[in-house]
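Beneath this line is the structure, given in structure tokens, with notes to follow.
The values are calculated or read from the model by the stated rules, or taken from the named source; none is laboratory data. The structure displayed is predicted, hence computed values, not measured ones. Glycine gets a Cβ as well: all are built from the backbone with ideal geometry, and neighbour counts include every protein chain shown.
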Amino acid sequence: MFDLIAENIEDYCKVHTSDPDVLLYQLWRETHLKTMNPRMASGKLQGMFLTFIAKMMQPQKVLEIGTFTGYSTLSFAAGMPASGHIDTIESNAELEDFILKYFQHSPCPENITLHIGNALNIIPQLAASDYDLAFIDADKEEYAACYELILPKMRKGGIILADNVLWNTKVVEEVAHNDKDTKAIVAFNKKVQIDPRVRNMLLPFRDGMMLIEKL
């Protein structure tokens, strides 16, 4: 992931951000020790951002596309009411045991349901509707398709967060003809921008975070 701000500024922000709890620290450490792409985990700054979003919204239903090792899931859970529930979808079955180990040690493991498989197949099968909050952070080529499946399941005023929408700053550069991921992110950003069903804001936070409100 490309750093949009100077490293010393990011370090300063981290120093002046509350530390995650012990479980998230352990998850972060083991993610770096045992996975090939540990930077896919949300980490301290983004994790706390997600916790604050959950604290402000107090969502009863959250849908997450792209669990990875569960850092973002547990960050949401840390800010949610005890009655809230998270459906989180991860395509990599090899991560299932890793994820569940940490979910089971969370304060309310019964409030998190992990779905293993392709999000495009799983989202239509979810019984829940009227989600308050959703987070898209998975296969970039599937962002637009996931968005179309998620939006009808959101309540009016619900918020969708989409991560990595600046994609290493490649969205403002000439896109290589074979760069499918960048093309997909550019198309997704354009799609959201002209969609009359939503109101949106793109934040230059980490690798870009799109906030989308269903109108």
- Note on the structure: Flagged in the stretch 133-178 as touching a helix residue (DSSP H, G or I) at 6+ places or on another chain (Cβ under 7 Å) and free of Cβ contacts under 8 Å to residues at least 12 places away in the same chain, in numbering order, are V175
- Would you check which residues across the stretch 1-44 are modelled with pLDDT of 95 or more, surrounded by 14 or more Cβ atoms within 10 Å (Cβ to Cβ) and of a type in the set (A, V, I, L, M) and list them? L23, L24, L27
- Query: Which one of the conditions (1) out of contact with any Ser or Thr (no Cβ under 6 Å at 6 or more places or on another chain); (2) surrounded by fewer than 21 Cβ atoms within 10 Å (Cβ to Cβ) does I136 fail to meet, given that it meets all the rest?
  - Reply: (2)
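Each row is one residue, and each column tells you yes or no for (1) touching a helix residue (DSSP H, G or I) at 6+ places or on another chain (Cβ under 7 Å); (2) β-branched (V, I, T); (3) closer than 13 Å to P20 by Cβ.
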site: A41; (1), (2), (3): yes, no, yes
site: K44; (1), (2), (3): yes, no, yes
site: M56; (1), (2), (3): no, no, no
site: L63; (1), (2), (3): yes, no, no
site: G70; (1), (2), (3): yes, no, yes
site: L74; (1), (2), (3): yes, no, yes
- Residues (of a type in the set (G, A, S), in contact with a Leu (Cβ under 8 Å, 6 or more places away or on another chain) and in a helix (DSSP H, G or I)) located in the stretch 137-178: A145
- Lone unmet requirement of (1) of a type in the set (A, V, I, L, M); (2) exposed (fewer than 14 other Cβ atoms within 10 Å of the Cβ); (3) touching a Lys or Arg at 6+ places or on another chain (Cβ under 8 Å) for L63: (2)
- Return the residue satisfying two criteria in turn: it lies in the stretch 36-68 and is of a type in the set (D, E, K, R) and part of a strand (DSSP E or B), and of such residues it is farthest from C108 (Cα to Cα). E64
- Those residues of the stretch 191-207 which are in a loop (DSSP other than H, G, I, E, B) and modelled with pLDDT of 95 or more, in sequence order: I194, D195, P196, R197
- Within the stretch 105-133, track down each residue that is closer than 24 Å to G157 by Cβ and buried (at least 19 other Cβ atoms within 10 Å of the Cβ). I112, A119, I123, Y131, D132, L133
